[in-house]
Amino acid sequence: MKIVGLRLATTAVFALAFALAVKAADRDEGGDSAHGFQAKLEYCKTCHGLSGEGYRGYFPMPRLAGQQPKYIENQLRAFIERRRVNPVMFNVAHVLSPATLAALSEHFRNLNPEPIGGGPRDHIALGKTIFEQGLPESNVPACSACHGPEAKGHEEIPRLAGQLFPYTLKALSYWGKERGVGGSRDDTSAIMVPTTHNLTHEQMSAIAAYLSYMK
Amino acid sequence: MKRITSKPAVLAIIMACVASPLSAQESLPIRNCTWCHGSSAQGYTSAPRIAGQTHRYIENSLLSFKSHARDNPASKQYMWGAAANLSGETARGFAVYFSELPASPANDGDEALASEGKSIYVEGRPASNVVSCIVCHGPNAEGFEGIPRLGGMGHDYLKRRLEQWNEGYHAAAEPMPRIAKRLSANEIEALASYLSFVR
């Protein structure tokens, strides 16, 4: 036992020395502008997950992995122009140079981590039905008509597959309060207004749960 | 900062923890913990407040002491022994018990730095890639599931935790090592000060 303990302690000391050396190098590079983009990307991933899979904090951080570059770019601009209201992302986005903003938007397209999942499983079948067929009797279109049969999105229309359950539910529930704010007529969020109006809370929850497991 | 000074006393406590068949006991041996963490678990010298902490975080922490993934010097010295014999079930029992105790704020930071600390906590420092803390730890630093409550914890403890990530300790605590890396000494001081006053 004692010998094992000592070994562990020695390994820990070496590990620590190594970690310190790495940290020191990292710090020096932080000031070098050539590494500015990598540092910014790491910053995004601290909140949005190391592979862009999203993160469940007190506020849900949405999945960006596999997201359409045009959608990401449009949303970042919407945060900056306050068409889309979110204090956290306003702060994040308004310091980005146009070139960095465009490059970041491209980056997440090719990431493909497993979805986090986690939506309640009891109404998934209803979610699937609404996604594929809509609810004609309540004027809800099939989501797949725009978001694609596999919910991968297209250009300004976002991917929904694998999105975090609490995030999708929040997005649908507070649509008009968070998006298309300030009366801008050209805002892409207007397309979703009738859809979100006609869904009940239970139906939103069912769709969000279904999407949370979709690869 | 005061340390737990009497080595023999501490050793005796650790021995007591190791020796007692924790998992077999029906009621939890709470005194084994409150010896160090203070009688109502509000924290005492280097042992932090655990009263009112989220139960998921307490449970995760106990398991990380047991597996030695949390290897901060004080963890190694005091908690590795205290957690060595905990079964998963006992760890959960302690976690629920302490999470339900009322917590009072330490109020021991530098008041002059509190507003600066709050601004970092809420907004981050986007230009230098410092993330805002509010997104994970919550508007009142109340924590969320496995993410710990920070509001009202002792200034010295919070400061030490943030500094020790930059010294390479507890590297497994994703995402905190990469967050702490971006913080300057002044920012750590301001954050620890602000948080010590949050109720």
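No value in this document is a laboratory result; all are computed from the given coordinates. Keep in mind that what you see is a predicted model, and the values were worked out from it rather than measured. Note: ideal-geometry Cβ built from the backbone for every residue, glycine included; neighbour counts use all protein chains shown.
Quick one: of B:LYS159/B:LYS181; A:LYS40/A:LYS177; B:LYS66/B:LYS181, which pairs are farther than 19 Å apart, Cα to Cα?
Details: B:LYS159/B:LYS181 13 Å; A:LYS40/A:LYS177 29 Å; B:LYS66/B:LYS181 26 Å.
With Cα atoms farther than 19 Å apart: A:LYS40/A:LYS177; B:LYS66/B:LYS181.
Please pull out the direction-averaged projected area of the protein assembly as shown, using the convex hull of its alpha-carbon atoms, in nm² to one decimal place.
Details: hull surface 92.0 nm².
One quarter of the hull surface, i.e. the mean projection, equals 23.0 nm².
Between Rg and the Kirkwood Rh of segment B:143-198, both from Cα atoms, what is the Rg to Rh ratio? Could the numbers behind the result be given before it?
On the way: Rg = 10.9 Å, Rh = 11.5 Å.
On the Cα set of segment B:143-198, Rg over Rh gives 0.95.
Going toward the positive end of the dipole of the protein assembly as shown, with +1 on Lys and Arg Cβ and -1 on Asp and Glu Cβ, which of A:ASN86, A:CYS146, A:PHE59 do you reach last?
Going by the charge dipole, the pick is A:PHE59.
Quick one: A:SER205, B:SER64, fewest Cβ neighbours within 10 Å first, how do they rank?
Details: A:SER205 22, B:SER64 18.
Going from sparsest to densest Cβ surroundings: B:SER64, A:SER205.
Fewest Cβ neighbours within 10 Å first, please rank A:TYR210, B:TYR57 accordingly. Can you show the working numbers first?
On the way: A:TYR210 27, B:TYR57 19.
With the fewest neighbours first, A:TYR210, B:TYR57 line up as B:TYR57, A:TYR210.
With Kirkwood's inverse mean 1/r over C-alpha pairs for Rh, give me the Rg to Rh ratio of segment B:30-109, two decimals please. Present the calculation step by step, with values, prior to reporting the outcome.
Details: Rg = 11.9 Å, Rh = 12.7 Å.
Ratio value, two decimals: 0.94.
log₁₀ I(q)/I(0) of segment A:76-127 at q = 0.26, 0.27 Å⁻¹, via Debye over equal Cα point scatterers, no solvent, to two decimals?
So the normalised log intensities are -0.94, -0.97.
Averaging over every viewing direction, what projected area does the convex hull of the Cα atoms of segment A:60-199 cover, in nm²?
Working: hull surface 34.5 nm².
Dividing the Cα hull surface by four gives the mean projection, 8.6 nm².
Restricting to DSSP loop positions (anything but H, G, I, E, B) with no more than 13 other Cβ atoms inside 10 Å of their own Cβ, which chymotrypsin sites (Phe, Trp or Tyr not before Pro) remain in segment A:83-181?
Details: sites: A:PHE90, A:PHE108, A:PHE131, A:TYR167, A:TYR174, A:TRP175; in loops: A:TYR174.
Qualifying residues, ordered by number: A:TYR174.
Let me have the 222 nm mean residue ellipticity of the protein assembly as shown computed from DSSP H runs of 4+ only, each contributing -39500 (n - 2.57), with the sum over all residues rounded to the nearest 500. Show your work: numbers first, answer last.
On the way: 21 runs with 208 residues, N = 414.
Calculated from helices alone, the mean residue ellipticity at 222 nm is -14500 deg cm²/dmol.
Order by neighbour count: A:LEU211, B:LEU158, B:LEU113, fewest other Cβ atoms within 10 Å first, most last.
B:LEU113, B:LEU158, A:LEU211
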